[in-house]
Amino acid sequence: MTRFDHDYYQRFYGQQGVHAPEQIAHLATAVHELSAWWGVEIRSLLDVGAGVGMWRDWYRIHHPAVHTLSVDISEHACATWGHQLRDITTWRPVRTYDLVVCHSVLQYVDDDALESAAANLAAATAFVLYMELPTASDLLHVVDSERTDMEVFARSGATYRALFGRWFQQVGAGLWVKNGTVPMFELEVLAP
C-alpha cells in the first residue's frame, strides 16, 4: 500500500514522531505486567500494523522467549523493519496469540472492512488485546494534529465498544480481555 511509504514514516515517525521508543517501552512494560497480574503469561505476541516495530523489538529485548510475529500492510515497513506483509481486514492467523497489539491501525480501515478486521483480531487473540486508535472525539480534542495523521476514519468510541464488545471486555487503558478467559472483578471492567 503506497500510502504508508517512506515519506509517511518520515513524517509521523521521524524526529518528532507520535511515539518515541521510550514511551512504547513504558506502555509495553505496563501491558505485560498487568497481564501477569491477571495471571496471563505472555508467551506469544502478534503486533498488527507493526510500523517501525517498537513492540516487537521491546519483547525481543526484554522477553526473548516470547514468540513474536509482526505484520503490516505497508510494503515499505515490511522491507525496512522485517515484518510479514499482511492485511488484517483479509488475513486471519491460523493460531492465537496471548497478546495482540493493534496500535493506531483501525482508524485507517474503511467501514466496509472494519467488521472483518475486528473479527480477525478477535480470532487471533487468546487473552489480551491492546488497541490504540483515536475516536472522532479524540481527533477533535486530544491528538496533536501536527504530529498525527488526520486523514483517517473518525468513528465514535461507542462504535468501537459495540463492535469489540462481541468478543471482549474492555478493561481500560486500551486493554481488552477476551470474553471467558480471565476472571475480572466488576470494577476492573468498564461498563458496556
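Quick look at the numbers
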| quantity | calculated |
| --- | --- |
| Some residue of region 108-121 being closer than 28 Å to residue 29 by Cβ, modelled with pLDDT under 95, buried (at least 16 other Cβ atoms within 10 Å of the Cβ) and not charged (D, E, K, R) | yes |
| Residue under evaluation residue 28, criteria (1) in a helix (DSSP H, G or I); (2) more than 16 Å from the chain's Cα centre (by Cα); (3) modelled with pLDDT of 95 or more, criterion not met | (2) |
| Meets criteria (without any contact (Cβ under 8 Å) to a residue 24 or more places away in the chain and either under 24 Å from residue 56 (Cα atoms) or surrounded by 15 or more Cβ atoms within 10 Å (Cβ to Cβ) (or both)) for residue 105 | no |
| From 152, 101, residue being among the aliphatic types (A, V, I, L, M) and more than 13 Å from the chain's Cα centre (by Cα) | 152 |
| Test set (1) at pLDDT 95 or above; (2) within 17 Å of residue 49 (Cα to Cα) - residue 155 fails condition number | (2) |
| Qualifying residues in region 166-187 (those that are in contact (Cβ under 8 Å) with a residue 12 or more places away in the chain and surrounded by fewer than 14 Cβ atoms within 10 Å (Cβ to Cβ)) - the one farthest from residue 102 (Cα to Cα) | 184 |
| Restricting region 75-95 to residues that are small (Gly, Ala, Ser) and in contact with a helix residue (DSSP H, G or I) (Cβ under 9 Å, 6 or more places away or on another chain), the residue that is modelled with the highest pLDDT | 82 |
| Qualifying residue in region 125-138 (condition: more than 23 Å from residue 34 (Cα to Cα) and charged (D, E, K, R)) | yes |
| Subset tally (residues that are out of contact with any strand residue (DSSP E or B) (no Cβ under 8 Å at 6 or more places or on another chain), surrounded by 23 or more Cβ atoms within 10 Å (Cβ to Cβ) and at pLDDT 95 or above) for region 31-57 | 0 |
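The values are calculated or read from the model by the stated rules, or taken from the named source; none is laboratory data. Computed from a predicted structure; not experimentally measured. When we count neighbours, we look across all protein chains shown, and the Cβ atoms used for this are built from the backbone with ideal geometry, even at glycine.
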